[in-house]
Amino acid sequence: MNNLGKTIEAKIIAKNGNEYTLEDFDHNRYHAKSDEKHHDIGDTVKIFNYPVDNEIVSSFRLPYIEVGEIKALKVVSKTKIGYFLNMGLDKDVLLPFSEAIRDPKLNSMVLVKLYIDKSGRLATTMKIRKTLERSDNIKKGDIVDGIIYNISREFGLFVAVDDKYEAMVQKKDVFEDYEVGERMKFRVQTVREDGRLLLSTKLEKSAYDEHKSDSIKVYEILLKHKGKMNYADKSDPDDIRKVFNMSKSSFKRAIAILYRQRKIIINDDSIEIKED
């Protein structure tokens, strides 16, 4: 089946309760269940086909990523064979140890490519650099969205712009600590002749103001909580996002600004307003 790991369109030709029989344009037949949505015979719908326990399962639920695509997925567990990532289905997808370029943390985001391994199962790899594209429409000075997919002490930050274009921040232009999986804005410093992008983390003044705005937001939330909260450098990224509405890296930069301004004290597991 050449559509394994792909989303396809198929027509519903029969149903029994919440079980449906579907047929694609090549007259291949599929069986899928749906407890969430009602479909009628004759409807054309999208389904995703993937392997489970040596069988091909068809699902009305569509994944975050398909075979051949590069996307950021969340690390949800670590086992003896590798890491498992949430791809939006009932079954998580494997990132084998051999395909990880560093040890990702639980609940962190990693940029991966989905592929079919030798045994016919879906798997992911962090070794994506050679599969990233070269940009032909991004210009010097553009502000772009990117995700850090690898960090090298020797070379700097390796970034995928728009999750598909090859880029990097050279070591000499890295002034703060960053994390793999961190998504942020960059300024295009240079577009090389081969299409590779050299980026800078230093944006326009308005972007610096955004960091200052984050620090003000953290301080105001602290005031509303009597000057102390149990959040610090080691706090869970999802908890930080829910409470402060910012990424963990933005939070860390914000409290660093407040610390330098001598407005707060940073403890191991909390932050508090410094009394005069």
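The values are calculated or read from the model by the stated rules, or taken from the named source; none is laboratory data. Computed from a prediction, not measured in an experiment: that's the story for all the values here. As a convention, Cβ positions derive from the backbone with ideal geometry for all residues, glycine included, and neighbour counts pool all protein chains shown.
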**OP:** Under 7 Å between Cβ atoms, at least 6 apart or on separate chains: pull out the pairs that start in the range 167-194 with a residue that is modelled with pLDDT of 90 or more and end on any residue that is in a loop (DSSP other than H, G, I, E, B) and of a type in the set (S, T, Y).
**Re:** V169/T201; F186/T201
Original post:
In the set V144, V112, V188, V159, which member is touching a Ser or Thr at 6+ places or on another chain (Cβ under 7 Å), surrounded by 16 or more Cβ atoms within 10 Å (Cβ to Cβ) and either assigned to a strand (DSSP E or B) or not assigned by the TED database to the domain that holds A254 (or both)?
Top reply: V112
Original post:
What number of residues within the range 97-118 are among the hydroxyl-bearing types (S, T, Y) and touching a residue at least 40 places away in the same chain (Cβ under 8 Å)?
Top reply: 2
**OP:** Would you please name the residue that is modelled with the lowest pLDDT, looking only at residues in the range 48-81 that are among the basic types (K, R) and buried (at least 17 other Cβ atoms within 10 Å of the Cβ)?
**Re:** K71
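Out of L22, L62, L95, L89, which single residue is part of a strand (DSSP E or B) and under 29 Å from I148 (Cα atoms)?
L95
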Subject >> Condition met for I151 (surrounded by 13 or more Cβ atoms within 10 Å (Cβ to Cβ), assigned to a loop (DSSP other than H, G, I, E, B) and of a type outside the set (K, R)) >> reply: no
Original post:
Going through the range 41-57 one residue at a time, which ones are among the hydroxyl-bearing types (S, T, Y), over 30 Å from E179 (Cβ atoms) and either in a loop (DSSP other than H, G, I, E, B) or touching a residue at least 40 places away in the same chain (Cβ under 8 Å) (or both)?
Top reply: none
**OP:** Considering only the range 234-254, state which residues are out of contact with any helix residue (DSSP H, G or I) (no Cβ under 6 Å at 6 or more places or on another chain), on the phi < 0 side of the Ramachandran plot and of a type outside the set (K, R).
**Re:** S235, D236, D238, D239, V243, S247, S249
